[in-house]
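Asks: Here it is, the structure, as structure tokens.
Read the figures in this text as sums done on the coordinates, not as results from a lab. Everything numeric in this text was worked out from a predicted model, so none of it was measured. With ideal geometry, Cβ positions are generated from the backbone for all residues, glycine too; neighbour counts draw on all protein chains shown.
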Amino acid sequence: MSVHLVLFLAFGAVAVAGAVNLLAQTHPINSALSLIAVMAALAGEYLLLGAEFVAALQVIVYAGAVMVLFVFVIMLLNAGVEEQTTGSRVAILFGVPGAVLGSVLVAWVVLRHSGTGEVPAGALPGPPATIGPLLFHEFLLPFEITSILILIAIMGAVVLASKPPSAPVPPREEN
Amino acid sequence: MPIWLYILASVIKSAVVLVVLLTAVAYTVWLERKVVGHIQNRWGPTRVGPFGLLQPLADGLKLLVKEDLTPPHVYKPLYIAAPLIAIIFALTSIAVIPFGNPVTIYGYSIPLQVTTDVNTGLLLILGVTSIGVYGVALAGWSSNNKYSLLGGLRASAQMVSYEISLGLSLVGVLIMAGSFSLHDIVDSQAGHFASVTWPALDPVLRFIPRWNIFTGQIIGFFCYLTAAYAETNRIPFDLPEAETELVAGYHTEYSAMKFAMFFMAEYANMITVGCLATLLFFGGWHGPVFGPTILKAVLPVFWFAAKVFVFLFIYIWVRGTLPRFRYDQLMAFGWKFLLPLALVNVIATAIAVVW
């Protein structure tokens, strides 16, 4: 077994274990930390594929920024321990077959259209110098549309979080 | 290079860098106590050794043998993990920092940094330091103490806010160097100015090196230093551990070595900030190199260390001079002043480079 394969399996195992632990934990902060482990393991997989820029961004954006906000909100609300239920009947009736069907479909598509050959290291655009032109020349329109999508999400959050305008605002005390 | 030699070189380099870093951490604490003491018209530590030079050893010994208390109502797994996260990621970020040009020993070129020169070095440092926030946040939460929780919340909000300005303040340097590799960034600052239009000024300009700070990144440097002070939770941004309102903030419930880990992480982060400022804005290891071969080999590393020392001294100087911000002032400054300033710097640098 090559070093690459061993590392791939190790990172994959960490990612799957983290994902399972995320569901099994009853405390939200443990679930959030499991998700960070999944993100970090995925960054390791990207690194194995030679995509060091994507790996670094995965760590900075997801593990370092998005998940910090998750943990922050959990700490701020001081969310308590959740009750573990055995699951509703609807979830078992539709959820399990749905999940099986979904994974079979994904596996079929992947096997059918990409073959089972190995992905050579460096197949993905790795260094930032090759990613930059791709983002800002070839795929400029999708890139900008995605940023507008995120902007819409932010505006939605502001609208949802802001207080209704009819409520009287108490005068601010001078200090 | 054969693989065993590569591994051997890596182990030796890691050990040397770790020992030097930890010693530097210990003596930065000594320097801080001494300098802040003199600023406040006191002597600072004087009792242990000449000039109190053995004080860090005494402190370390005391922290090692002190009773390691675990308060009864903490959430234990995270309470223990938090200081480990803080110190591990603080020490890891030094791994990609180069200290000089590669040296050639017996025909093998060995880079003067723990890893080889990775082409996303700067991003790696940013990634590792952004993970370090969890140490502080989780310590505050798992202590089950309202002062700790408030300190942890303040720290995570502050670090996330200033991380954006920190990242943007570096973009100007990246545009000018055209690379994420720290080695390339330093190489882009080699040499000195030479004037073609005003030959009369040439002898003066020859003394000014082409460091990024002199080639237009002075606003970027200001943004970087301010954001970095906030990232490392130092005065005037040390709200997470403001002793007048929060006892000791996120590490209120920690004692002995667990407390020492937070302390060491803070100083290790200060050193990393100083190293990055040196590499990105002050030409890294570039400086006057002269004399016999051995001196030529040692001088670049000396210049690097000297510049880092200056930044550590400024850290301490600022601590002895400035008062602490109020929390709303801190947030308003970060979002309404520093972030727009960093953005303006990015746009101005981009226009100037393309021109």
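Asks: Compute from the Cα atoms of segment A:1-63 the Rg and the Dmax, the latter being the longest Cα-Cα distance, and quote both in angstrom.
Replies: That works out to 12.4, 38 Å for Rg and Dmax.
Asks: Where the Cα atoms of the protein assembly as shown are projected onto their three principal axes, how long is each span, largest first, in whole Å?
Replies: Largest to smallest, the principal-axis extents are 83, 58, 57 Å.
Asks: How much FRET efficiency would the formula 1/(1 + (r/R0)^6) give for B:W355 and B:L205, where r is the Cβ-Cβ distance and R0 is 25 Å, rounded to 0.05?
Replies: After rounding, the FRET efficiency stands at 0.75.
Asks: Now a separate question. Taking each residue in B:127-134, count the Cβ atoms of any other chain within 10 Å of its Cβ, then average. What number comes out?
Replies: Taking the mean over all residues of the peptide, I get 6.
Asks: Moving to a separate point now. Round to the nearest 0.05 the FRET efficiency obtained for B:V36 and B:D187 when R0 = 60 Å and r is the Cβ-Cβ distance.
Replies: Calculated transfer efficiency: 0.95.
Asks: Express in nm, to one decimal, how much length is gained between A:L7 and A:H137 on full extension, taking 0.36 nm for each residue of separation and deducting their alpha carbon distance.
Replies: In short, 43.4 nm is gained.
Asks: Highest mean first, what order results for A:30-37, A:154-161 on Cβ atoms within 10 Å?
Replies: A:30-37, A:154-161
Asks: Let me know the mean shielding of A:26-32 by other chains, meaning the per-residue number of their Cβ atoms within 10 Å of its Cβ.
Replies: 2
Asks: In addition: If the cut-off is a Cα-Cα distance under 22 Å, which lysines reach B:K13, setting aside same-chain residues fewer than 8 apart in sequence?
Replies: B:K296, B:K307
Asks: As a test of the formula, what do you get for the protein assembly as shown when each DSSP H run with n ≥ 4 contributes -39,500 (n - 2.57) and the sum is divided by the residue count, at 222 nm and rounded to the nearest 500 deg cm²/dmol?
Replies: Value at 222 nm, helices only: -20500 deg cm²/dmol.
Asks: Let me ask another. Please list the helices of chain B that count as membrane-span-like by this rule: a mean Kyte-Doolittle hydropathy of at least 0.0 together with Cα atoms stretching 20 Å or more along the helix axis, each helix being a complete DSSP H run.
Replies: What comes out of the filter, once short or polar helices are dropped, is B:3-39, B:76-92, B:146-177, B:256-281, B:293-321, B:339-354.
Asks: Using the beta-carbon distance between B:E243 and B:I347 and R0 = 41 Å, what value does 1/(1 + (r/R0)^6) give for FRET efficiency, to the nearest 0.05?
Replies: The value I calculate is 0.55.
Asks: Would you list, by chain and number, the lysines whose Cα falls below 27 Å from the Cα of B:K146, excluding same-chain residues fewer than 8 positions away?
Replies: Partners found: B:K66, B:K76, B:K258.
Asks: Counting C-alpha atoms alone, how compact is chain B: give Rg to one decimal and Dmax as a whole number, in angstrom.
Replies: Answer for chain B, Rg first and Dmax second: 21.5, 74 Å.
Asks: A follow-up question, please. Would you tell me the mean number of C-beta atoms belonging to other protein chains that fall within 10 Å of each C-beta in A:50-63, as a whole number?
Replies: Taking the mean over all residues of the peptide, I get 4.
Asks: Further question: Using only the alpha-carbon atoms of segment B:260-322, report the extent along each of the three principal axes, biggest first, to the nearest angstrom.
Replies: 42, 26, 19
Asks: Need the list of aspartates and glutamates near B:K336 for cross-linking: C-alpha distance under 19 angstrom, and skip anything on the same chain fewer than eight residues off.
Replies: Cross-link targets: B:E163, B:E231, B:D328.
Asks: Arranged from highest to lowest average of other beta-carbon atoms within 10 Å per residue, in what order do the peptides B:261-271, B:141-151 appear?
Replies: B:261-271, B:141-151
Asks: Distance from a point 7 Å along Cα→Cβ of B:T115 to each backbone N in segment A:11-54: keep the residues under 16 Å and list them by number.
Replies: Only A:40-54 pass the distance filter.
Asks: Treating the Cα atoms of segment B:248-355 as identical point scatterers in vacuum, please give the log10 of the normalised Debye intensity I(q)/I(0) at q = 0.10, 0.11, 0.16, 0.22 Å⁻¹, two decimals.
Replies: -0.52, -0.62, -1.05, -1.20
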